[in-house]
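Asker: Just dropping this structure here.
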Amino acid sequence: MSSKFHLRDMGGLERALPRIAGPGSAWHPLRRIAARVRARVAGSGRRTRTASFPIERLPEELLAKVFSWVIAYCRQAALWDSYSFAFYGFDDEHTSHPGGCSSAPYAWLKIRHVCRYWRKVALAHPRLSTTIFLTRPECVEDMLRRAGTLPLEVYDPSVQYIDTHSEGVAAARLMVLEHVARIRHGTFAYTDDPTAIDWSASLTPRHNNTCNAQSLELLSMDDVYLPYSSLSNVHFPHLRKLSCFYYDAVAPGQLLNAPQLRTLHLVNCTTPIAAPELLRLLGSLPTLTSLALILVLLESEDFPHLSSAPPAPHTHLPALRHLALCTRSAASGLSLLLQLAHPAHTSLDLRFSELSTGAHASCACVRAVLAATLARWAALPPPYARVAVTCPRSPEGAFWLELWPASPSPSSSSPPAPHSSPRPFLRLAIHALHAHPQLFTHLLRALPHAHALTSARLATRRAGWSVGSWARVLCALPALERLEVACEVVGRAGKRADRRADKRMDKWAWADARAVCPRLRELRVEATRVPRWRWRAVREVRDAGGLAGLVCVLRVLHGEGLDVEVVYC
């Protein structure tokens, strides 16, 4: 679209409608319209003159499209408040709260009460009544009646709402059960409420083991023990996404009959799955593009010695684009990772509580396996442009290594989520890594295209590494031109810290100290002042001020040729 486009050109709006990807597109001229509609929904809705408001003169089809975006924003806000704790961090639909939207179910119904024209459009288009929250029975009944025969999106409210409004939720669930064959998406929570419905057994019509849903989210709450579900006995010809939280999707040894499944998220299964059974399950789903296995693997100390005889991959996922894996032991998680054959461009999100539960799997073993995994990227063009290393606030926290892409990944055909950000190409988190700073240094040195990285971010919160450890990390990035540092300083950090930089340099065992970031041009520091009494409370943490000391050293090394910006938070 041309930048000279005006909202008064109704014909241009109608012609542009087929090309609209969603309100998140940067070039989208209707993004302002959606913002105005959300503002009107959030406001009082009192307005008498309809002709003076430009949005009210839009064609019905176009205004209905904008209304559908507003409903999507409000729905995401409600889901984020209710279930973000279950899928936050790896599910794009639960990553952030869309600003400016009420999180109350059916908040978008205010659209019907703004003016007569809006009410006419909202009630005349059945697809605007297909999003159903199982809260108030009168709203559910009205939505089902106006939706006609269109597919439905059904959502259980938050657990707190179910506990306080159990009778209303039970009545709403019974209404939806009569239209179970029309459910396209369902988010269902299992609680200890005696009126709760076993959705896994009710998703299929009577005398028919076929479920037409395209997306399902099943959550078990309140420490409810559920026997193995009957999902393995159901045929899902159209299912593209399945997410389970504290819910066993299949019994041991059984498979899912979902030939078109694209996204599988298993989080905290009540019964962990052994590696052979998990690989067999994944092998039956070759169309997966997004996979998350969070505390699902049954871990033991009988895995092979990875550095000497790593297992060969025998489960192929040719379409996989993103893999999130979280296990207690890094060795057992990496053993599973090595048995999965996926494209080299697959983004990885790896989180481990410890390096290993066995004595034979040392830091060098894990380092060798990770280096072998990263070696798959050697044949690719540089898939990342920025690296981030984060140390935790406490000794028990996780150390993070992130590689960010140069540009956002290609968007899908569906409208992008609001406030979405590009996903890291690699995210590695390992807890209790104070004694192993050389692991990250070795990974950066073994990283293909590490010499091309020009931007980095280092962050620490009290518990960090020494100046020498941080310097070794930077030495693995010789082309670094821009460095962002987030650290904590004690009291006032100024000239006194600069005068100490020379003393810090004297303690280094470096033949050439200028090997640290020789091309560095920009240094941005986000410093957080910490009272001295708080710093003394964590004096038992070794090398607590290493990153702040590194900043002082870099300023002395590069002198006036370095553009330094310091921001105190």
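Asker: Using 7 Å Cα-to-Cβ label points, what is the ARG524/MET175 separation (nm, one decimal)?
Answerer: With each label point 7 Å from Cα toward Cβ, the separation is 5.0 nm.
Asker: Sort TRP377, TRP470 so that the residue with the fewest other Cβ atoms within 10 Å of its own Cβ comes first and the one with the most comes last.
Answerer: The fewest-first ordering by Cβ neighbours comes to TRP377, TRP470.
Asker: Using the number of other C-beta atoms within 10 angstrom as an exposure proxy, rank GLU488, GLU354 with the fewest first.
Answerer: So the ranking, lowest neighbour count to highest, is GLU354, GLU488.
Asker: Also, I was wondering about something else. I need ASP156, ASP142, ASP349 ordered by Cβ neighbour count within 10 Å, fewest first.
Answerer: Ranking ASP156, ASP142, ASP349 by Cβ neighbours within 10 Å, fewest first, gives ASP142, ASP349, ASP156.
Asker: Report the net charge of residues surrounding LEU278, where surrounding means a beta-carbon distance below 14 angstrom and charges are Lys +1, Arg +1, Asp -1, Glu -1.
Answerer: Net of charged neighbours comes to -2.
Each reported figure results from applying straightforward, stated rules to the coordinates on display, with no laboratory input. Bear in mind that the values here come from a model prediction, so they are computed numbers and not experimental data. Heads up, the Cβs are rebuilt from the backbone with ideal geometry, glycines too, and the neighbour counts pull from every protein chain shown.
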